[in-house]
Amino acid sequence: MGVDITHALELQRRGIEAWMRAMASGAGHAHMFAADGVAAAVVPACPDRSVVNSVVYEDAGSLAAAYGGLAAAYEAAGVRAWTVWSPDNDREAIALLRGEGHLFDGEPAAMLLDLDRLPSPDLGDLDWDADASPREVGRINDLAYGHHEDGGYEPAIAQTSPGDGVRLYRARVDGEPASVLETVDTGSDCMVAWVATLERFRGRALARRLLHAALTEARDRGMATSTLQASRMGLPIYERLGYQTVCRLHMYERRRR
């Protein structure tokens, strides 16, 4: 499909903001910081996890105007690490962030899928449902990515409130939850987050099949597109489902040591 980059980046921004709002809806003392053109999740339950303390913005001017308030909000909440998501070609915003002491911390692929192009599902014997608990999603993410022993993401994810467009999916193997993911509807876009499979269950295409089931449901309820931010490990999974890379999103982290 031909991709309108401006529109695709707006979908990314809105999707990340919706994901942040779902996460900040209940995590202890969490809240959203809002300024003209800027939104941020402030999640003190995970003060050293910048991913859950994320910032998105509409343009570099908005980010510059809000920066002082952002830094003050994180400082007041006791958050020691926070990150700003910036399109890789936004040189003005990146220069601002570097000047404020932010360090480059990753470049996930911003991906987009037209759900009309989603292949017909072939789920095989997948045992799945949309009844995962937030704590289950957090626990499996921390175990899958090695964060369970160093203050992971579960305290933030566990307070997510399903409903209002938020759905939590799981796949089981022999009755044991093995793979999870979250979807968040915003407008006509279905944003995907927290995709994880326990290491001992990898190699069975659980995440791909579970995501295919979730996207089929999204299309059936009228969603037109799906967005996500892919790591290098996840990229092939999403490409098999038809996602296209729009650009790279650079993450610039500020960490108080």
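If the requirement is being charged (D, E, K, R), surrounded by fewer than 19 Cβ atoms within 10 Å (Cβ to Cβ) and modelled with pLDDT of 95 or more, which of these qualifies: ASP131, ASP122? Please lay out each step first, then the result.
Values: ASP122 fails: modelled with pLDDT of 95 or more.
On inspection, the qualifying residue turns out to be ASP131.
May I ask you to say which residue of ASP105, ASP88 is charged (D, E, K, R), surrounded by fewer than 16 Cβ atoms within 10 Å (Cβ to Cβ) and touching a residue at least 24 places away in the same chain (Cβ under 8 Å)? So that I can check it myself, show each step before the final result.
Working: ASP105 fails: surrounded by fewer than 16 Cβ atoms within 10 Å (Cβ to Cβ).
Selected residue: ASP88, the only one of ASP105, ASP88 that is charged (D, E, K, R), surrounded by fewer than 16 Cβ atoms within 10 Å (Cβ to Cβ) and touching a residue at least 24 places away in the same chain (Cβ under 8 Å).
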Given (1) assigned by TED's automatic domain parsing to the domain that holds LEU215; (2) closer than 13 Å to ARG254 by Cα; (3) of a type outside the set (D, E, K, R), identify the lone condition not met by ALA132. (2)
Residue hits (segment 176-226; more than 20 Å from GLY138 (Cα to Cα) and of a type in the set (Asp, Glu)) are ASP189, GLU217, ASP220
Scanning segment 139-165 for residues that are in contact (Cβ under 8 Å) with a residue 40 or more places away in the chain and not in a loop (DSSP other than H, G, I, E, B), the one surrounded by the fewest Cβ atoms within 10 Å (Cβ to Cβ) turns out to be LEU143
Criterion (in contact with a helix residue (DSSP H, G or I) (Cβ under 7 Å, 6 or more places away or on another chain) and in contact (Cβ under 8 Å) with a residue 40 or more places away in the chain) met by exactly one of ALA73, ALA81, ALA171, ALA178: ALA171
Of all residues in segment 102-119, how many are over 24 Å from ALA156 (Cβ atoms), at pLDDT 95 or above and not in a helix (DSSP H, G or I)? 4
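Residue-wise test of (1) at pLDDT 95 or above; (2) surrounded by 17 or more Cβ atoms within 10 Å (Cβ to Cβ).
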position: MET1; (1), (2): no, no
position: LEU11; (1), (2): yes, yes
position: ALA22; (1), (2): no, yes
position: ALA30; (1), (2): no, yes
position: VAL51; (1), (2): yes, yes
position: ASP59; (1), (2): yes, no
position: ALA66; (1), (2): yes, yes
Of (1) more than 19 Å from the chain's Cα centre (by Cα); (2) closer than 17 Å to GLY138 by Cβ; (3) basic (Lys, Arg), ARG167 satisfies all except one. Which? (1)
Considering only residues that are touching a Lys or Arg at 6+ places or on another chain (Cβ under 9 Å) and under 14 Å from LEU181 (Cβ atoms), which ones fall in segment 154-165? ILE157
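Please pick out the residue among ALA41, ALA95 that is crowded, with 17+ Cβ neighbours inside 10 Å and among the small types (Gly, Ala, Ser). Don't jump to the end; show me each part of the working.
Values: ALA95 fails: crowded, with 17+ Cβ neighbours inside 10 Å.
So the residue among ALA41, ALA95 that is crowded, with 17+ Cβ neighbours inside 10 Å and among the small types (Gly, Ala, Ser) is ALA41.
The values are calculated or read from the model by the stated rules, or taken from the named source; none is laboratory data. Remember, predicted model here, so these are calculated numbers, not experimental data. Note: ideal-geometry Cβ built from the backbone for every residue, glycine included; neighbour counts use all protein chains shown.
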